[in-house]
Amino acid sequence: MDRRPIGVFDSGIGGLTVVKEIMKILPEEDIVYFGDTARVPYGSKSRDTIIKFAFQDSRFLLSKNVKAIVVACNTASAMSLGELQESIEVPVIGVIKPGAHAAVRASKTGRIGIIGTEGTIGSRAYENAIKKLYPEAEIIGHPCPLFVPLVEEGWAGTKVSYLVAEEYLKPLKDVDIDTLVMGCTHYPLLTRVVGDVMGQDVTLINPAEETALELKEILMEKGLQNDPENNPSYRYYVSDNPDKFSRVGSNFLNRDISNIQKVDIEKY
């Protein structure tokens, strides 16, 4: 049994959607979460900056003696996962490959849409991952940068969110996709809005669940599982504004969040 915690990092609050799935699929595991709330969003930043941030976030988690790192941020997964995996001794997994697998399994026509930040869409990471699995797929990516602040302001489900979604998703509706990857950790909180706009014939893919399942496989394969009887602990760290993290993050997890500490991530 390996009693060390699992480390998860994200550019802010959105990675809690991944944490929620890990809690569900690996209920015996302790979790240390870092949200880089001082520097959110990552999606509009350069690749070099994102890689720098991802290494700082990872070094912080390693200082907490984690046994694996989940890069919950889609942009960081797209830009930095390879470098992290080459440099870090513990297993490091991202959200892109699991999301791509789920999309390929779900699509019947091969017309797959992807929504995410500018950085994620611009990297073509999902497109490349899907093409490796399904070379004939027709893939349409579209950035939706306003979705993140809508979620963090607690405006998911409001008239404003529907208006923004209608505008963003029109190009995807026009090409008749049958599967849509929610390529940002914030977007699952807009599932109802996006689903209403796209219609019932489009399958929405939340990579968070697939990521948690892949993590479970890796822990089992490497013998890193915790004691099944363990009563798990969850610790949360942020680089800014812990009060907002607690307030908004509770909506992501559907549970109260306590034990939040602010850290100076620039030290790592």
Where a residue in the stretch 79-104 is outside any helix (DSSP H, G or I) and its partner, wherever it lies, is among the acidic types (Asp, Glu), with Cβ under 6 Å and at least six apart: ILE93/GLU214
Tell me, yes or no, whether the stretch 39-49 has at least one residue that is surrounded by 24 or more Cβ atoms within 10 Å (Cβ to Cβ), in contact with a His (Cβ under 7 Å, 6 or more places away or on another chain), modelled with pLDDT under 95 and not acidic (Asp, Glu). no
In the stretch 105-123, how many are assigned to a strand (DSSP E or B), surrounded by fewer than 19 Cβ atoms within 10 Å (Cβ to Cβ) and out of contact with any Asp or Glu (no Cβ under 7 Å at 6 or more places or on another chain)? 0
Can you find a residue that is among the basic types (Lys, Arg) and either touching a strand residue (DSSP E or B) at 6+ places or on another chain (Cβ under 7 Å) or not assigned by TED's automatic domain parsing to the domain that holds VAL66 (or both) anywhere in the stretch 243-251? no
Between a residue in the stretch 152-163 that is in contact (Cβ under 8 Å) with a residue 24 or more places away in the chain and any residue that is of a type outside the set (Lys, Arg) and surrounded by 13 or more Cβ atoms within 10 Å (Cβ to Cβ), which pairs come within a Cβ distance under 6 Å, given they are 6 or more apart or on different chains? GLU152/VAL248; ALA156/LEU189; ALA156/LEU190; SER161/LEU150; SER161/TRP155; SER161/VAL193; TYR162/VAL193
Output yes when any residue across the stretch 124-131 is among the polar types (S, T, N, Q) and in a helix (DSSP H, G or I), and no when none is. yes
Please give the number of the condition ILE69 fails out of (1) assigned to a helix (DSSP H, G or I); (2) under 16 Å from the mean Cα position of the chain (by Cα); (3) more than 19 Å from LYS262 (Cβ to Cβ). (1)
For residues in the stretch 129-178 being closer than 24 Å to HIS101 by Cα and small (Gly, Ala, Ser), which is surrounded by the fewest Cβ atoms within 10 Å (Cβ to Cβ)? ALA137
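The values are calculated or read from the model by the stated rules, or taken from the named source; none is laboratory data. Here the structure is a predicted model, which is why all the values come from computation and not from measurement. All Cβ positions, even for glycine, are placed from backbone atoms using ideal geometry, and neighbour counts span all protein chains on display.
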